[in-house]
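Novice: Here it is: the structure, laid out below.
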Amino acid sequence: MSEEDAVWGGLASRVIRVALERKGLTYAGLAETLTAIGVGETERALISRLARGTVKLTLLLQIIHVTQAFAPRLWLEALTLPGTWEERAQAVVAAELREKPWITPNRLVSLLADIGVATTEKSLASQFSTGAIPLTLFLQCSVVLGSCSLHSYIDFADLVAAVDLSDRQRGPE
């Protein structure tokens, strides 16, 4: 994992830890509550994924659901949709993108490239259409879209600082 990936992975893990801490939920407790809603998860797997920073947006949505935590206004409708957690993640991304209708898929790829995220329209479309959205990518999209939806879970300034750190690590172009 590159240093840049580690920075974003650390931020994704922090978002999850904040969501848990705000409700006093342990990893064991989270695994139990997720199992109760039909999401098979173990404490060890959660700890491992958080340590690596390889969590999906769906996990954050599940935590918001099981803890009845404050959900961003834009996400309220998406969180009440029937269907899978991946479909809800798709709806969250769609809600965020609707806030900036002038941001085309090509423009989003370009904005992500500006902060050092190498991706393609095809890759984004695949991740967005399947709902298998890494929380790191969602955070990166939040930065370039200027979204404040996660302000209850992480300071926008910390996301911007990650971009600045990534820029310094990449060096002059």
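Novice: If I ask for residues that are surrounded by 12 or more Cβ atoms within 10 Å (Cβ to Cβ) and over 11 Å from Thr58 (Cα atoms), which ones from segment 76-90 would you list?
Specialist: Glu77, Ala78, Leu81
Novice: Return yes when Arg22 is surrounded by 14 or more Cβ atoms within 10 Å (Cβ to Cβ), among the charged types (D, E, K, R) and over 15 Å from the mean Cα position of the chain (by Cα) and no when it is not.
Specialist: yes
Novice: Checking Leu139 against (1) over 17 Å from Ala89 (Cα atoms); (2) of a type in the set (A, V, I, L, M); (3) in contact with a helix residue (DSSP H, G or I) (Cβ under 7 Å, 6 or more places away or on another chain), which test does it fail?
Specialist: Of (1) over 17 Å from Ala89 (Cα atoms); (2) of a type in the set (A, V, I, L, M); (3) in contact with a helix residue (DSSP H, G or I) (Cβ under 7 Å, 6 or more places away or on another chain), only one is false for Leu139: (1).
Novice: I would also like to ask the following. Which one of Ala6, Ala28 is assigned to a helix (DSSP H, G or I), at pLDDT below 90 and surrounded by fewer than 20 Cβ atoms within 10 Å (Cβ to Cβ)?
Specialist: Only one candidate passes the filter, namely Ala6.
Novice: Quick one: how many residues across segment 35-49 are assigned to a helix (DSSP H, G or I) and either surrounded by 11 or more Cβ atoms within 10 Å (Cβ to Cβ) or within 20 Å of the chain's Cα centre (by Cα) (or both)?
Specialist: 8
Novice: Need pairs with beta-carbon distance below 7 Å; first residue within 7 Å of Gly53 (Cβ to Cβ) and among the hydrophobic types (A, V, I, L, M, F, W, C) and within segment 9-21, second surrounded by 19 or more Cβ atoms within 10 Å (Cβ to Cβ) and at pLDDT below 90; sequence gap 6+ or separate chains.
Specialist: Ala12/Gly53
Novice: What about Asp114, is it under 30 Å from Glu41 (Cβ atoms) and of a type in the set (Asp, Glu)?
Specialist: no
Novice: May I pose another question? Being at pLDDT below 95, under 15 Å from the mean Cα position of the chain (by Cα) and either under 21 Å from Arg17 (Cα atoms) or among the aliphatic types (A, V, I, L, M) (or both), is that true of even one residue in segment 97-114?
Specialist: no
The values are calculated or read from the model by the stated rules, or taken from the named source; none is laboratory data. Computed from a predicted structure; not experimentally measured. Don't worry about glycine lacking a Cβ; one is built from the backbone with ideal geometry, like all the others, and counts go over all protein chains shown.
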